[in-house]
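First comes the structure, then the notes that go with it.
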Amino acid sequence: MTLYSRIKNSPMMFWSLEILIVVAVIWVCTKISFLFAPIGTFFQVVFIPILLAGILYYLLSPVVRLLEKIKIRGKHISHTWSVTVVFLVLLAVLILGLVWLLPRLIQQVANMISNIPALASTTQDLVEKMANQPWLKNVDLSQYMNEVEKSASSYASSFLNKLTESIGTVISTITSFAVVAITVPVMLFYMLKDGHKFLPSIKKIIPTRHADQTIDLLSKMSKTISKYIGGQIIECLFVGTFTAIGYVLVGQGYALLLGVFAGICNIIPYVGPYIGILPALIVAFGDSTLQILYVVIVVLVVQQVDGNVVYPNIIGKTLKIHPLTIIVILLAAGNIAGLMGMILAIPLYAVVKVMVQYFYNIWQLQSESRKSEPEKPKEKA
């Protein structure tokens, strides 16, 4: 018996050899990692524009299909005109939003930065008043406040030093933003224009035996992503808008800025609302303890409406994922890939879940068909 036959017939030897080959390939790849650096750079540059264009595509493609169903003088609107109308409306909304929203946000950010010393002074006065309470007389809060002030001042000075030393980084960031702002609309236009040709093109290159199953799976995955993205955008707009309105009603400073921040943080399920309330609590802490209570009430009301009405009807029916599963996924994704991982983990899990369910259903159907087939009579010798 040859060595190859021994390895082939011995499962332990076979899998040991497979593992050694994989380890050797990984080791070789680590030694020639410089060859893969350009590929990694290419994907880093292309990833953000494709991601943003893909999100907008899944958000706007239902609108394009809806416009195509409208009849004008007995004729449906063509696909090209539907894409053009949606694209122009999107650009108009973005321009109006930037013209109206951006200057106000910049003004509120500037006001918040200029009021940081006053906020720190007010916070210190509030802490001193709390220190005079009978139940806190034995606690030395001044020591903790001094440590906080030292940490804040050192952090601020290091931040300013890094900011002045990294002018090149700032310029490269602005350049990258400009490139993204130019490439995303172009990608989005062609995605909307030719996106419906993607699945037929894929079907042509897939073997005929598996073509229909593959296209069905891809269409289900696409619908899941589209529903999740659309629902997530609606939820974030709801939380951001009504949080800002609530802050205005209770007299919270920087209501627009804090509302926008809360809406953006709401992209992260379960964890996002807690991150979104932190700046509002810091600002309210420098005002009064009653203002802190008002902020908490506003956020609780908005989150209760969102959690019991908006989320279950828009996203909950799409994903059908248990809250405990979402929390575990967020913890793992946050440790692996940080904030971006927490944002992308849930839709990625939803897509994987669709794939697993689809293949499981196919396996079940095949098993049932095998059982239902009549057994062939054995031939007599």
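The values are calculated or read from the model by the stated rules, or taken from the named source; none is laboratory data. These numbers come from a predicted model, not from an experiment. No Cβ is skipped: glycine too gets one built from the backbone with ideal geometry, and neighbour counts run over all protein chains shown. Accessible surface areas use protein heavy atoms only, side chains included; no ligands, DNA or RNA. Shrake-Rupley method; radii C 1.70, N 1.55, O 1.52, S 1.80 Å.
The helices (runs of 4 or more DSSP H) falling completely within region 264-381 that include 2 or more residues that are modelled with pLDDT under 75 map to 323-372.
Note on region 234-287: residues that are open to solvent by 20 Å² or more (accessible area, probe 1.4 Å) and polar (S, T, N, Q) amount to 1. Within region 297-311, being surrounded by 14 or more Cβ atoms within 10 Å (Cβ to Cβ) and among the hydrophobic types (A, V, I, L, M, F, W, C) holds for Val298, Val299, Val302, Val305, Val310. Figure legend. Inter-residue proximity from region 103-128: first residues of a type in the set (Lys, Arg), second residues open to solvent by less than 50 Å² (accessible area, probe 1.4 Å) and at pLDDT 80 or above, beta-carbon distance below 7 Å, spacing 6+ or different chains. Indicated pairs: Arg104/Leu256. If the condition is being over 26 Å from Thr224 (Cβ atoms) and free of Cβ contacts under 8 Å to residues at least 12 places away in the same chain, then region 54-80 contributes Ile70, Lys71, Ile72, Arg73, Gly74, Lys75, His76, Ile77, Ser78. Applying a threshold of 9 Å to beta carbon distances and a minimum spacing of six or more residues, or different chains, the list of pairs starting in region 324-350 at a residue that is over 17 Å from Ile264 (Cβ atoms) and ending at one that is hydroxyl-bearing (Ser, Thr, Tyr) and not in a helix (DSSP H, G or I) reads Ile326/Tyr270; Ile327/Tyr270.
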